[in-house]
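Worksheet for the structure shown next.
The values are calculated or read from the model by the stated rules, or taken from the named source; none is laboratory data. Keep in mind it's a predicted model, so treat the numbers as computed, not measured. As a convention, Cβ positions derive from the backbone with ideal geometry for all residues, glycine included, and neighbour counts pool all protein chains shown. Protein only, heavy atoms only, side chains kept; ligands, DNA and RNA dropped before computing areas. Shrake-Rupley method; radii C 1.70, N 1.55, O 1.52, S 1.80 Å.
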Amino acid sequence: MEIQKREGIVPSQASRYISTILVGAVAAITDINEESLDYSLRRRFTRGCI
């Protein structure tokens with residue numbers, strides 16, 4: 001809620017940011033390939049581009 005107020009974003013957008021940060025942290029810990037991670041995030045959060 002604090003991030004939403006401070007940054008002026010809607011709850012669904014804040015949820016995406018938090019999810020992406022967590023995915024990045026897990027990817028770093030488990031040494032997931034950066035290209036694979038980028039592809040997966042784009043597929044999940046981009047509409048109609050891939």
Of the residues in the stretch 1-15, how many are of a type outside the set (Val, Ile, Thr) and not in a helix (DSSP H, G or I)?
2
Would you confirm whether any residue within the stretch 40-48 is loosely packed, with under 12 Cβ neighbours inside 10 Å, touching a residue at least 12 places away in the same chain (Cβ under 8 Å) and assigned to a helix (DSSP H, G or I)?
yes
Would you please list the contacts, defined by Cβ atoms under 8 Å and residues six or more apart or on different chains, that run from a residue in the stretch 9-22 that is within 20 Å of ASP38 (Cβ to Cβ) and free of Cβ contacts under 8 Å to residues at least 40 places away in the same chain to a residue that is surrounded by 14 or more Cβ atoms within 10 Å (Cβ to Cβ) and of a type outside the set (Lys, Arg)?
TYR17/ILE9; THR20/LEU41
Considering residues that are open to solvent by 100 Å² or more (accessible area, probe 1.4 Å) and part of a loop (DSSP other than H, G, I, E, B), the number found within the stretch 16-39 is 1
